[in-house]
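Read-outs: derived from the displayed coordinates by stated rules, not from any lab. Here the structure is a predicted model, which means the values were calculated and not measured. Note that we place each Cβ from the backbone using ideal geometry, even for glycine, and neighbour counts take in every protein chain shown.
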Amino acid sequence: MNKKVRKRIAIIAIGMICAGSIMTYSGYLLGGSKDISLNIKDGLVINNSKERYKETISLEEFNSIEVECNSNIEFLKSDKYELEFDVPQSSGKISYSVKDKKLIIKQSVQSKNNFNINLGFEENNQDKSYIKIYAPKEMKSKELKITSRFGNINVCPTESDVADINSYFGNITVDGLEASSTINMNMNNGKLNASNIKAQNINVSNKYGGVKLENVNCNGLDVTLNNGKYIGNNVFTKNYTLKNSYGNNDLSNSKSEILNIDIKNGELKIDSMNSGNANIVNNYGKVYANEVQTNDLKMNLTNGNAEINGEFKGTSEINSKYGNVLINTSLNKEDYDYDIKSDFGKIKINDKQYEKQAERNEGSSNILKVKLNNGDVNLSFK
């Protein structure tokens, strides 16, 4: 078959696809389904949204939960153990069982040969899919394991020994989750909002989407973002680790014994934070810290201004390649020994100007070291 023939066949095929799409769209406007599947075996298939799996089931008592599905998941408190679901057949069949007091819910995966198209019209409430799990308020699960491929996860007040919550495409909302051991929340694409959570260790990751944590209490908190904004409010932990490749970061009203922050590209804002040992790295972005208390601070900046206000005890080291640094400390000048240097920039300490370097070495208990390659330093004592 020569190139001209192949080209003509390709043009005809594309034309048929376009014509079929127009006809399908017109059919929708005349009252047809808005869900379309392109199946390699069967061709173009229009899904009827009225064909659904819908059921409400009373369950045996369970104390562990494992869910793997494609639909929205909700955990609700009730006076009984119950499962309710309403999903279109196109999203996959649901199977469930209780074995050894463990509730297992699975939703079958659609064929890899299917490609679903949604025409983008707003769904009616009756068309929305969901899986709801009801359990008594006093139930404490040994294990809570949730995996959602396409759908939102909503967890209300729940107690568990270990909690693993994973979402590929969808949002996660958690309010009142407690674990005696570990909480893991991992996302590929979507937003995470978690509040009133408590555990020994909490691990959070999100590849594409923001993370908001509020009222968190744990021994260790590890947050890793690839591309998204991070908000942490009222976080109380011994070890606080935040890594963000691309996105702004806002930490407020929090306390930790050890704070490690590593930002590749984004702004960092800290407000009202008490941290014993703080290690902050920001490659490209501003740093603003207000009402901060530290005991040994190390800050490395590549490109961006920094303004820090608070009480800095122990040894504080700030290094910056390109950017100005403004420091306001609530302690007196006599409380510090300091060594301030700037290769290309001005140095100002309590309205007094210095060139290149300013030093004080009187045996004070607190030491402040600042070194800039290109930028101004403005240091103010109480």
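With 32 Å as the limit on Cα-Cα distance, the pairs of Lys229/Lys298; Lys102/Lys243; Lys99/Lys238 that go past it are Lys102/Lys243; Lys99/Lys238. Among 351-358, 60-67, sorting by the average number of other beta carbon atoms lying within 10 angstrom of each residue, highest first, gives 60-67, 351-358.
Among residues other than Asn249 whose Cβ falls under 13 Å from its Cβ, what is the net charge (Lys/Arg +1, Asp/Glu -1)? Mind showing how you got there, number by number?
Values: positive: Lys212, Lys229, Lys243, Lys264, Lys269, Lys286; negative: Asp250, Asp262, Glu267, Asp271.
After counting each charged neighbour, the total is +2.
Spin-label model, Asn253/Asn234: points 7 Å from Cα along the beta carbon direction are separated by 0.6 nm.
Backbone N atoms of region 267-289 closer than 19 Å to the 7 Å Cα→Cβ label point of Lys369 belong to residues 277-282.
Run the numbers for Asp262 and Asn227: contour at 0.36 nm per residue of separation, minus the present Cα-Cα distance, in nm. Write out the running numbers ahead of the final one.
Numbers: separation 35, 0.36 × 35 = 12.60 nm, distance 1.35 nm.
My answer for the length gained is 11.3 nm.
Net charge near Leu76, counting Lys/Arg +1 and Asp/Glu -1 over other residues with Cβ under 13 Å of its Cβ? Don't skip to the end; give the middle numbers.
Details: positive: Lys77, Lys80, Lys132, Lys137; negative: Glu74, Asp79, Glu82, Glu84, Asp175.
Here the count lands on -1.
Can you tell me how much longer the chain between Lys99 and Ile57 gets when fully stretched, taken as 0.36 nm per residue apart minus their C-alpha distance, in nm with one decimal? Before the final figure, lay out each step's value.
Numbers: separation 42, 0.36 × 42 = 15.12 nm, distance 1.55 nm.
Answer, rounded to one decimal: 13.6 nm.
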